[in-house]
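The values are calculated or read from the model by the stated rules, or taken from the named source; none is laboratory data. No experiment lies behind these values; they were computed from the predicted model shown. Cβ coordinates were reconstructed from backbone atoms using ideal geometry, including for glycine residues, and neighbour counts include every protein chain displayed.
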Amino acid sequence: MTFAAFDLDGTLYTGHIIEGMMQHHREHRVRRLPLLVYMATHFALWPLWRFGFMSELQGRQLWIRDMGWTIRGWTVEEAAAAFTWIAEQYVLPRVRLDVMRRLREHQAWGDRVIIVSGTLSPLLHAIGRALSVEETVGTPSVLKDGRHTGASELPTCQGAGKVTRLQKYLSGDGDIPWQRSYAYADSLTDLPLLEQVGHPVAVYPDAELAALAASRGWEIIAE
């Protein structure tokens with residue numbers, strides 16, 4: 001069955017998932033110190049990224065790898081309640097209506113719709129549920145004795161890791177119809193996934209992806 005893989009941040013909605021996590025923790029007055037530590041240490045990467053000592057992809061991978069710090073020690077149930085709040089109160093109000101229309105078209109056509117994102121898997125599942133999308137592929141969070149350890153399973157679902165994790169997810173269903181399928185993403189860091197499918201679509205792309213998509217004749221969704 002043909003599938004359509006949709007990135008999350010910047011593609012399906014206009015926000016960034018860590019901002020949703022920050023908003024939740026502030027409003028509910030929970031895990032604020034671990035959140036501050038996470039933000040301080042990871043914002044410190046920005047100069048390395050900005051001045052070329054680290055690639056954008058490397059920076060994104062570190063942000064995703066360590067996002068579990070913000071829920072370390074929580075039970076599955078505690079985290080699930082927070083994730084539902086983030087999905088409903090942060091993500092849904094910021095959804096791109098034109099991109100969601102395209103997603104619904106794929107569903108109406110009978111295509112398999114999958115949200116593929118670096119976001120922690122249980123949070124991504126909650127977002128998928130809020131968007132009426134059953135299938136999601138994210139970065140798994142490591143559990144021990146029913147609690148989140150703060151660690152993530154590698155590779156993160158970023159860059160080539162998106163292809164790796166999606167391929168693993170689809171591998172039990174026979175031959176993967178890459179050439180008949182679609183991928184929607186906003187960043188050049190998603191190039192491995194966009195190049196893997198027969199129908200790549202740049203969605204509100206960053207400057208580098210916009211230029212590449214135009215040069216290759218890819219569809220571009222933008223204002």
**OP:** Test Tyr182 against the stated conditions and say whether it is in contact (Cβ under 8 Å) with a residue 12 or more places away in the chain, crowded, with 17+ Cβ neighbours inside 10 Å and under 26 Å from Met21 (Cβ atoms).
**Re:** no
Original post:
Can you name every residue in the stretch 185-223 that is aliphatic (A, V, I, L, M), under 16 Å from Ala5 (Cα atoms), without any contact (Cβ under 8 Å) to a residue 40 or more places away in the chain and part of a helix (DSSP H, G or I)?
Top reply: Leu191, Leu194
**OP:** Could you check how many residues of the stretch 70-108 are more than 22 Å from Glu223 (Cα to Cα), part of a helix (DSSP H, G or I), among the β-branched types (Val, Ile, Thr) and out of contact with any Leu (no Cβ under 6 Å at 6 or more places or on another chain)?
**Re:** 4
Subject >> Of residues in the stretch 147-162 being assigned to a helix (DSSP H, G or I) and surrounded by fewer than 21 Cβ atoms within 10 Å (Cβ to Cβ), the one farthest from the chain's Cα centre (by Cα) >> reply: Ala160
**OP:** Please name all residue pairs, on different chains or six or more residues apart, with Cβ atoms under 6 Å, provided the first residue is in the stretch 16-27 and is touching a residue at least 12 places away in the same chain (Cβ under 8 Å) and the second residue is of a type outside the set (Lys, Arg) and part of a helix (DSSP H, G or I).
**Re:** Gly20/Ile86; Gly20/Tyr90; Met21/Thr70; Gln23/Tyr90; His24/Ala82; His24/Trp85; His24/Ile86; His25/Leu35
Subject >> Scan of the stretch 1-15 for residues that are surrounded by 20 or more Cβ atoms within 10 Å (Cβ to Cβ) and either β-branched (Val, Ile, Thr) or without any contact (Cβ under 8 Å) to a residue 40 or more places away in the chain (or both), ordered by number >> reply: Thr11
Subject >> Those residues of the stretch 109-144 which are over 16 Å from the mean Cα position of the chain (by Cα), touching a residue at least 12 places away in the same chain (Cβ under 8 Å), surrounded by fewer than 17 Cβ atoms within 10 Å (Cβ to Cβ) and assigned to a strand (DSSP E or B), in sequence order >> reply: Val142, Leu143
Original post:
Which of the residues spanning the stretch 42-89 are loosely packed, with under 15 Cβ neighbours inside 10 Å and at pLDDT below 75?
Top reply: Phe43, Ala44, Trp46, Pro47, Leu48, Arg50, Phe51, Gly52, Phe53, Ser55
Subject >> Conditions (1) closer than 28 Å to Leu188 by Cβ; (2) in contact with a helix residue (DSSP H, G or I) (Cβ under 9 Å, 6 or more places away or on another chain); (3) in contact (Cβ under 8 Å) with a residue 24 or more places away in the chain; number of the one not met by His106 >> reply: (2)
